[in-house]
Amino acid sequence: MHTDLPEDQLRTYRSAQKDPEDFDAFWAATLAESRAAGGEVTVTPVDTGLRTVDVFDVAFPGFRGEPVRAWLRVPHGAEGPLPAVVQYVGYGGGRGDALENLLWASAGFAHLQMDTRGQGSVWSRGATPDSGPAGPQVPGVMTRGIEDPHDYYYRRLFTDAVRAVDAVRGLPAVDAARVAVLGSSQGGGTALAVAGLVPDLAAVVAHVPFLCDFPRAVVVTDSHPFREIAEYLAVHRGSEDAVHRTLAYVDGVNFARRAAVPARFSVALMDQIVPPSTVFAAHNAYAGPKEIDVWRYNGHEGGGPEDERAALAFLRRHL
């Protein structure tokens, strides 16, 4: 059932989230530090037995140069330069198996699927550890380092995501001027962050994006992963200001205000995990050209194959 604002109000809703005064400087310094750390990109062929798609095991330097794993999938025998799609994964998942997720390479794109540091044991496998500081946290990663933006988990993950774009642009098979980012749920929120941090992308696809409009999200849903933040604050009662200050640095609304590349969103009005108002908060704040599909009778699965079909058409127009 619908539990959020009526659709007409969703379409005009604006988040109360504020930009930290040093938001741009914070992220510029974070990315500069990680790029200065250097590191090599390695690309190793994987024998999958597939005849139409070639798969490579990739490692690239992410946050502070730490190695991050990914799969690179390209049409068999392609010499390029190809348009590229960098994909980010939903909460709890990792890059999965080499044989999974063949859509984008089958459609003719170079497809880099980034692993998710410290995740990948809930519904798909991961292979990248998280080096973040240890400390009190609710199980999951939402509260890992949450009282200081420099220590927060999503500072590291979003930096990895930007460096994934850097890495794919350096591959001989890729046309560096034709790179898009996409994802669903956590992956969609990550794609929005990258769109706000990398101004010369070709496009962004964010389906049912998580990690948006934290001031509202943590008090209007009782579902995980947002609930991890409420559970943390229920115990750490004096930490509310510090927690919300940190979250402002990773809120998709603040990245959307800075993003100018063409964007495709989707939202599901029966979504109990990512409240639709939080998606509209990012969409309505988005500074560039945008479109959105509204799925009135779906939950967090969103449009499923319909979202993928629409995303494929969208990327063909922009890549």
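The values are calculated or read from the model by the stated rules, or taken from the named source; none is laboratory data. Small disclaimer: the values here were computed from a predicted structure and weren't measured. FYI the Cβ positions are ideal-geometry reconstructions off the backbone, even for glycines, and counts take in every protein chain you see. When the accessible area is computed, the model is the full protein with side chains, heavy atoms only, and any ligands, DNA or RNA have been set aside. Shrake-Rupley method; radii C 1.70, N 1.55, O 1.52, S 1.80 Å.
Taking segment 5-23 only, how many residues are outside any loop (DSSP other than H, G, I, E, B) and in contact (Cβ under 8 Å) with a residue 24 or more places away in the chain? Lay out the reasoning, then the answer.
Pass one, segment 5-23, residues outside any loop (DSSP other than H, G, I, E, B): 7-10, 23.
Adding the requirement that they be in contact (Cβ under 8 Å) with a residue 24 or more places away in the chain leaves 7, 10, 23.
Residues that pass the stated criteria total 3.
Residue check: is Ser131 assigned to a loop (DSSP other than H, G, I, E, B) and over 18 Å from the mean Cα position of the chain (by Cα)?
Criteria met by Ser131.
Determine whether segment 174-187 contains at least one residue that is surrounded by fewer than 22 Cβ atoms within 10 Å (Cβ to Cβ), in contact with a helix residue (DSSP H, G or I) (Cβ under 8 Å, 6 or more places away or on another chain) and not polar (S, T, N, Q). Explain how you work it out, then say what you get.
Pass one, segment 174-187, residues surrounded by fewer than 22 Cβ atoms within 10 Å (Cβ to Cβ): 175-178.
From what is left, the residues that are in contact with a helix residue (DSSP H, G or I) (Cβ under 8 Å, 6 or more places away or on another chain) are 176.
Adding the requirement that they be not polar (S, T, N, Q) leaves 176.
Within segment 174-187, one or more residues are surrounded by fewer than 22 Cβ atoms within 10 Å (Cβ to Cβ), in contact with a helix residue (DSSP H, G or I) (Cβ under 8 Å, 6 or more places away or on another chain) and not polar (S, T, N, Q).
State whether one or more residues within segment 241-251 are at pLDDT 95 or above, within 18 Å of Val208 (Cα to Cα) and of a type outside the set (Lys, Arg). It would help to see each step written out before you state the result.
In the first step, residues of segment 241-251 are kept if they are at pLDDT 95 or above; the result is 241-251.
Filter once more, keeping what is within 18 Å of Val208 (Cα to Cα): 250-251.
Subsequent filtering for residues that are of a type outside the set (Lys, Arg) retains 250-251.
Within segment 241-251, one or more residues are at pLDDT 95 or above, within 18 Å of Val208 (Cα to Cα) and of a type outside the set (Lys, Arg).
Within segment 103-112, can one find any residue that is assigned to a loop (DSSP other than H, G, I, E, B) and either touching an Asp or Glu at 6+ places or on another chain (Cβ under 7 Å) or among the hydroxyl-bearing types (Ser, Thr, Tyr) (or both)?
Residues of segment 103-112 assigned to a loop (DSSP other than H, G, I, E, B): 107-109.
Imposing the further condition that a residue be either touching an Asp or Glu at 6+ places or on another chain (Cβ under 7 Å) or among the hydroxyl-bearing types (Ser, Thr, Tyr) (or both) reduces the set to none.
No, segment 103-112 has no match at all.
Residues checked against (1) among the polar types (S, T, N, Q); (2) surrounded by 15 or more Cβ atoms within 10 Å (Cβ to Cβ):
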{"position": "Asp4", "(1), (2)": "no, yes"}
{"position": "Ser15", "(1), (2)": "yes, yes"}
{"position": "Ala36", "(1), (2)": "no, no"}
{"position": "Thr42", "(1), (2)": "yes, no"}
{"position": "Val68", "(1), (2)": "no, yes"}
{"position": "Leu82", "(1), (2)": "no, yes"}
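Out of Arg163, Arg117, Arg156, report the one residue that is surrounded by 21 or more Cβ atoms within 10 Å (Cβ to Cβ), touching a residue at least 24 places away in the same chain (Cβ under 8 Å), charged (D, E, K, R) and out of contact with any strand residue (DSSP E or B) (no Cβ under 7 Å at 6 or more places or on another chain).
Values: Arg163 fails: out of contact with any strand residue (DSSP E or B) (no Cβ under 7 Å at 6 or more places or on another chain); Arg117 fails: out of contact with any strand residue (DSSP E or B) (no Cβ under 7 Å at 6 or more places or on another chain).
That would be Arg156, the only listed residue that is surrounded by 21 or more Cβ atoms within 10 Å (Cβ to Cβ), touching a residue at least 24 places away in the same chain (Cβ under 8 Å), charged (D, E, K, R) and out of contact with any strand residue (DSSP E or B) (no Cβ under 7 Å at 6 or more places or on another chain).
Considering only segment 70-80, state which residues are open to solvent by 30 Å² or more (accessible area, probe 1.4 Å) and within 20 Å of Ala203 (Cβ to Cβ).
Step one: list which residues in segment 70-80 are open to solvent by 30 Å² or more (accessible area, probe 1.4 Å), which gives 76-80.
Passing the criteria: only Gly80.
Need at least 2 residues that are open to solvent by 10 Å² or more (accessible area, probe 1.4 Å) per element, so show me which helices (runs of 4 or more DSSP H) inside segment 189-297 make the cut, counting only ones lying wholly within it.
Numbers: elements: 214-220, 226-235, 240-248, 252-256, 276-285.
Fully inside segment 189-297 and qualifying: 214-220, 226-235, 240-248, 276-285.
For segment 17-34, enumerate the residues that are surrounded by fewer than 15 Cβ atoms within 10 Å (Cβ to Cβ) and small (Gly, Ala, Ser).
Ala25, Ala28, Ala29, Ala32
Which of (1) under 19 Å from Ile229 (Cα atoms); (2) free of Cβ contacts under 8 Å to residues at least 24 places away in the same chain; (3) not charged (D, E, K, R) does Pro149 not meet, given it meets every other one?
(2)
Evaluate segment 249-271: report whether one residue or more is touching a residue at least 40 places away in the same chain (Cβ under 8 Å), β-branched (Val, Ile, Thr), touching a Leu at 6+ places or on another chain (Cβ under 8 Å) and more than 16 Å from Gly188 (Cβ to Cβ).
no
Being in a strand (DSSP E or B) and either modelled with pLDDT under 95 or exposed (fewer than 14 other Cβ atoms within 10 Å of the Cβ) (or both) is the filter here, so list the residues in segment 44-66 that pass it.
Thr44, Pro45
Could you please let me know if Arg95 is among the basic types (Lys, Arg) and surrounded by fewer than 21 Cβ atoms within 10 Å (Cβ to Cβ)?
It is false that Arg95 is among the basic types (Lys, Arg) and surrounded by fewer than 21 Cβ atoms within 10 Å (Cβ to Cβ).
Within segment 302-315, track down each residue that is out of contact with any Leu (no Cβ under 9 Å at 6 or more places or on another chain) and in contact (Cβ under 8 Å) with a residue 40 or more places away in the chain.
Within segment 302-315, Gly302, Gly303, Asp307, Ala310, Phe314 meet the criteria.
Among what's in segment 129-140 and is without any contact (Cβ under 8 Å) to a residue 60 or more places away in the chain and of a type outside the set (Asp, Glu), pick the residue that is least open to solvent (accessible area, probe 1.4 Å).
Of segment 129-140, the ones without any contact (Cβ under 8 Å) to a residue 60 or more places away in the chain are 129-130, 132-135.
Still in the list and also of a type outside the set (Asp, Glu): 129, 132-135.
Details: Pro129: 100, Gly132: 23, Pro133: 62, Ala134: 106, Gly135: 45 Å².
Checked segment 129-140; the qualifying residue least open to solvent (accessible area, probe 1.4 Å) is Gly132.
Could you tell me which of the residues Ala176, Ala180 is touching a Lys or Arg at 6+ places or on another chain (Cβ under 7 Å) and of a type in the set (A, V, I, L, M, F, W, C)? Break it down stepwise before answering.
On the way: Ala180 fails: touching a Lys or Arg at 6+ places or on another chain (Cβ under 7 Å).
Being touching a Lys or Arg at 6+ places or on another chain (Cβ under 7 Å) and of a type in the set (A, V, I, L, M, F, W, C) holds for just one of Ala176, Ala180, which is Ala176.
For every residue, the table says whether it meets (1) without any contact (Cβ under 8 Å) to a residue 24 or more places away in the chain; (2) farther than 25 Å from Asp271 by Cα.
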{"position": "Pro199", "(1), (2)": "no, yes"}
{"position": "Val220", "(1), (2)": "no, no"}
{"position": "Ala234", "(1), (2)": "yes, no"}
{"position": "Ala242", "(1), (2)": "no, yes"}
